[in-house]
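Asks: Have a look at this one.
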Amino acid sequence: MTDQIVTEAAPGAPDVPDAPAAPKPRDRRVLRAVARWTAAVVVCAGLGTAAAAGITALDRTDVPGLATEDDGRWAYPKLTRPALPAGSPRPFTPGNTGEVHHADLRALLLPAPAGAKPDAKINGGWGTVDQFLSVYEKDAVPALKQALADAAPRGIAARAWTMPDGTTTRIHLVRFSSVAYAEGFKDNVLKVGSDSGPALVGASEGRIESDLSGEIRVAYTAVYPFTEKAPHGPEQTRWAYVQAGDTLALIVQSRKGTAPLVPFQQTVALQNHLLG
């Protein structure tokens, strides 16, 4: 069965059939929260309660300005979790104690929203280590490159786009050979948690994004969102790491002046649900 995450459809997007079974009561609370971001219904099987702290979306009533239709959200197409190889379980389900994503990693990337201009070089296909590391300041790259060589990730997928208002988005998914390698890279190399990790190109030191305090959790995933502590150059940057089993995601958004918060929250929320 293919799980579905249905968001506000772009014009001409194909209809997706309803899931055959209704989610459990606890799941409905998670689905309603994501629906607030997408103005549509979200149908996801087995989300459950979080075992790790992860911020994926906000109640629209928790943040000023989210009660209106024109709140800055982007119109993402309908999202569907990709089909799995025959006999392969989804992560975080019985029979998959290794928390492995068996689906094609490229299909787990969040698609670009309506109106976006895709990046011709980072277009949703397989990425490279150098491409992934290009988001970091040069001083941090040698150590990160060596750590990735030691961890030997199974694959990297990436997508980037620019919106009409100038907001750029880059998403990198790095799948490791096990959840232990993914967590080890996050904890011991990136050192993400209360710290924002290695410096990104054009960004100053980050602070935890406190405006994401009204959190909704996806089972067994964790989200670490950051915003620059102080202006650093002409752009503002927001970024988030998502830890989901054997896969680590990095989502970066920048814009000249101020990077808008609402689409950042929305983008992180939807990418997290695709991985959860």
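Asks: State yes or no: is Phe185 at pLDDT 90 or above, part of a helix (DSSP H, G or I), surrounded by 20 or more Cβ atoms within 10 Å (Cβ to Cβ) and aromatic (Phe, Trp, Tyr)? Please lay out each step first, then the result.
Replies: Details: at pLDDT 90 or above: yes; part of a helix (DSSP H, G or I): yes; surrounded by 20 or more Cβ atoms within 10 Å (Cβ to Cβ): yes; aromatic (Phe, Trp, Tyr): yes.
Yes.
Asks: Tally up the residues in segment 118-131 that are among the polar types (S, T, N, Q) and either in contact with a Phe, Trp or Tyr (Cβ under 7 Å, 6 or more places away or on another chain) or in a helix (DSSP H, G or I) (or both), please. Even if it seems obvious, please write down each step before you answer.
Replies: Start the filter on segment 118-131 by keeping residues that are among the polar types (S, T, N, Q), which leaves 123, 128, 131.
Imposing the further condition that a residue be either in contact with a Phe, Trp or Tyr (Cβ under 7 Å, 6 or more places away or on another chain) or in a helix (DSSP H, G or I) (or both) reduces the set to 131.
Result for segment 118-131: 1.
Asks: Of all residues in segment 188-230, which are polar (S, T, N, Q), in a loop (DSSP other than H, G, I, E, B) and modelled with pLDDT of 90 or more? Give the steps one after another, and end with the answer.
Replies: Initially, segment 188-230 is screened for residues polar (S, T, N, Q), giving 188, 194, 196, 204, 210, 213, 221, 227.
From what's left, in a loop (DSSP other than H, G, I, E, B): 194, 196, 204, 213.
If the condition is that a residue be polar (S, T, N, Q), in a loop (DSSP other than H, G, I, E, B) and modelled with pLDDT of 90 or more, then Ser196 is the only one that fits.
Asks: Scanning segment 238-266 for residues that are of a type in the set (Ser, Thr, Tyr) and farther than 26 Å from Gly184 by Cβ, which turns out surrounded by the most Cβ atoms within 10 Å (Cβ to Cβ)? So that I can check it myself, show each step before the final result.
Replies: In the first step, residues of segment 238-266 are kept if they are of a type in the set (Ser, Thr, Tyr); the result is 241, 247, 254, 258.
Going one step further and asking which of them are farther than 26 Å from Gly184 by Cβ, we end up with 254, 258.
Values: Ser254: 23, Thr258: 11.
Per the criteria, the residue is Ser254.
Asks: Separate question: State the number of residues belonging to segment 177-205 that are in contact with a Leu (Cβ under 8 Å, 6 or more places away or on another chain) and among the small types (Gly, Ala, Ser).
Replies: The total comes to 2.
Asks: Also, I was wondering about something else. In this structure, is Gly233 within 29 Å of Arg90 (Cα to Cα) and without any contact (Cβ under 8 Å) to a residue 40 or more places away in the chain? Can you show your working first?
Replies: Numbers: within 29 Å of Arg90 (Cα to Cα): no; without any contact (Cβ under 8 Å) to a residue 40 or more places away in the chain: yes.
Taking the combined requirement at face value, the residue does not satisfy it.
Asks: Taking the condition under 16 Å from the mean Cα position of the chain (by Cα), within 14 Å of Arg170 (Cβ to Cβ) and either open to solvent by 40 Å² or more (accessible area, probe 1.4 Å) or not aromatic (Phe, Trp, Tyr) (or both), does Leu110 pass?
Replies: Numbers: under 16 Å from the mean Cα position of the chain (by Cα): yes; within 14 Å of Arg170 (Cβ to Cβ): yes; either open to solvent by 40 Å² or more (accessible area, probe 1.4 Å) or not aromatic (Phe, Trp, Tyr) (or both): yes.
For Leu110, the condition - under 16 Å from the mean Cα position of the chain (by Cα), within 14 Å of Arg170 (Cβ to Cβ) and either open to solvent by 40 Å² or more (accessible area, probe 1.4 Å) or not aromatic (Phe, Trp, Tyr) (or both) - is met.
Asks: If you don't mind, another one. Considering only segment 132-165, how many residues are in a helix (DSSP H, G or I) and either closer than 26 Å to Ala259 by Cα or basic (Lys, Arg) (or both)? Give the derivation first.
Replies: Of all residues in segment 132-165, those in a helix (DSSP H, G or I) come to 132-133, 138-151.
Within this subset, residues satisfying the condition of being either closer than 26 Å to Ala259 by Cα or basic (Lys, Arg) (or both) are 132-133, 138-141, 145.
The qualifying residues number 7.
Asks: Pairs under 8 Å by beta carbon, first residue within 13 Å of Gly276 (Cα to Cα) in segment 77-90, partner among the polar types (S, T, N, Q) and surrounded by 15 or more Cβ atoms within 10 Å (Cβ to Cβ), six or more apart or different chains?
Replies: Here the result reads Thr80/Gln4; Arg81/Gln4; Pro89/Asn96; Arg90/Asn96, each pair linking segment 77-90 to a residue that is among the polar types (S, T, N, Q) and surrounded by 15 or more Cβ atoms within 10 Å (Cβ to Cβ).
The values are calculated or read from the model by the stated rules, or taken from the named source; none is laboratory data. This structure is a prediction, so every number in the text was calculated from the model and none was measured. Methodologically, a virtual Cβ is constructed for each residue, glycine included, from the backbone with ideal geometry; neighbour enumeration extends over all protein chains shown. For accessibility, only protein heavy atoms count, side chains too; no ligands or nucleic acids. Shrake-Rupley method; radii C 1.70, N 1.55, O 1.52, S 1.80 Å.
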